[in-house]
1. Of all the residues that make up the stretch 55-86, how many are at pLDDT 85 or above and charged (D, E, K, R)?
Amino acid sequence: MTNEEKLNKQNQMGLGGMINNLFGNSSLPFSIFKGRKLVEIIAGENEVFFEIDKGNDLQENIHLQLHHVQDCCEYVDLIKTNGSFSDLIDSEILEAEEDYIDKPSWHTDETNSSESVTWSYYMLKTEKGKIEWWFKGESNGYYSETLVLERIEK
């Protein structure tokens with residue numbers, strides 16, 4: 001089964017099925033937020049915590065964490081947040097975007113002490129507004145510099 005076929009199957013199963021059965025691992029696509037409502041968002045130093053409303057199709061609210069899984073010699077930092085968390089609470093998420101970019105246009109620091117740099121961009125949008133996050137990952141090129149979205153127990 002291709003990844004596209006798996007995604008189509010999980011979209012048919014709904015959020016609960018997707019969380020329990022996605023690709024055999026715990027990393028979820030950021031698009032999981034689309035069409036859902038957030039009850040709470042908490043930004044940590046290098047991570048973001050979310051509580052998704054159960055809606056009509058779940059038995060309980062779901063707690064998620066967007067973070068980097070540390071391996072060894074890589075660094076991933078939350079560099080910038082733009083927007084207000086209050087724009088997302090109790091409003092349907094209309095757009096959920098995840099992207100990897102060379103460098104944000106607003107970033108002017110040209111010094112890189114690492115061999116590899118990955119910028120991760122995340123955006124959630126409602127009718128009230130949007131919030132954006134930019135994470136910068138650095139390593140020698142051997143280690144992952146990206147983030148994962150995982151279900152956590154509260």
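1. Here the count works out to 3.
Residue-wise test of (1) in a loop (DSSP other than H, G, I, E, B); (2) more than 19 Å from Phe30 (Cα to Cα).
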position: Val76; (1), (2): no, no
position: Pro104; (1), (2): yes, yes
position: Trp119; (1), (2): no, no
position: Ser144; (1), (2): yes, no
position: Glu150; (1), (2): no, no
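The values are calculated or read from the model by the stated rules, or taken from the named source; none is laboratory data. Small disclaimer: the values here were computed from a predicted structure and weren't measured.
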